[in-house]
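Before I ask anything, here is the structure I am working with.
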Amino acid sequence: MKPYLPLLFSLLCVLSPATTSCSALYDFEEIHPTGNPQTYLDEILEDWEELLVDNPELLRTRLSNLSTSFPNHVPTMYANGRLAFLTGRQDEAQRWFDAVLTRDAKNASAAAMRARIALQEGNSQYAEQLLKNSIRLVPDSSVLHESLAAVYFSSYEFAKARAEIDLAENLGAPTWRTAFHRGLILEMQDNEMAAAMWYEAALRQRPDFPEATQRLAGMLAID
């Protein structure tokens with residue numbers, strides 16, 4: 001089974017809130033206009049992964065209340081967009097990421113997510129142009145280069161995709177992830193032996209990597 005596009009984007013960790021046990025629910029009445037919005041957001045992010053699974057609506061409410069109190073706080077806007085994306089509300093996510101980029105054109109994470117939405121909608125031209133513009137503003141962002149690699153992958157421009165992955169790795173992208181991406185490209189080119197070598201390289205660096213394990217297992221099942 002050939003790899004499909006979301007794999008290249010899904011591994012980009014553009015929001016990695018700390019994982020802790022769920023603390024006491026935040027009391028929104030304690031949000032004060034003179035308070036520090038980042039402090040409030042950090043408290044919400046502490047519960048992110050648990051609430052995302054157990055109670056995403058509560059997470060949405062907490063972020064919505066915070067954005068109402070601090071409408072221009074870019075990290076809160078981004079978190080709202082990320083949550084909307086993860087819970088299947090693509091139009092809302094797009095609006096949030098557009099709003100972030102309007103206020104902070106150098107926000108690489110928002111640009112990567114906005115490009116991801118565009119690509120899923122079939123608008124690869126917009127995704128490519130957005131990422132190229134963002135790279136001009138933030139040339140040292142590995143996430144932007146990996147995202148552009150995904151755009152080229154979707155257009156079967158594999159040489160360009162590999163070049164962007166190389167750039168991303170040089171800029172600090174995790175080598176287990178870039179190895180996996182190289183494997184995806186080679187698998188799409190029907191070079192399964194070389195692809196398997198890259199998947200194995202990714203697993204050596206990160207043994208708990210289900211995507212690479214699944215790709216290898218799928219290739220073995222076909223054989």
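Quick one: in region 131-163, which of the residues that are crowded, with 24+ Cβ neighbours inside 10 Å and over 14 Å from the mean Cα position of the chain (by Cα) is farthest from residue 199 (Cα to Cα)?
Residue satisfying both the conditions and the ranking: 134.
Quick test for you: out of 4, 26, pick the one residue that is surrounded by 15 or more Cβ atoms within 10 Å (Cβ to Cβ), out of contact with any Leu (no Cβ under 8 Å at 6 or more places or on another chain) and either modelled with pLDDT under 55 or in a loop (DSSP other than H, G, I, E, B) (or both).
Among 4, 26, only 26 is surrounded by 15 or more Cβ atoms within 10 Å (Cβ to Cβ), out of contact with any Leu (no Cβ under 8 Å at 6 or more places or on another chain) and either modelled with pLDDT under 55 or in a loop (DSSP other than H, G, I, E, B) (or both).
Restricting to region 89-116, give me the number of residues that are more than 14 Å from the chain's Cα centre (by Cα) and free of Cβ contacts under 8 Å to residues at least 24 places away in the same chain.
9
Just one of 105, 127, 118, 111 is in contact with a helix residue (DSSP H, G or I) (Cβ under 7 Å, 6 or more places away or on another chain), surrounded by fewer than 15 Cβ atoms within 10 Å (Cβ to Cβ) and either modelled with pLDDT of 95 or more or among the charged types (D, E, K, R) (or both); which is it?
Just one listed residue meets the conditions, 105.
The values are calculated or read from the model by the stated rules, or taken from the named source; none is laboratory data. Computed from a predicted structure; not experimentally measured. Virtual Cβ from ideal backbone geometry, glycine too; neighbours counted across all protein chains shown.
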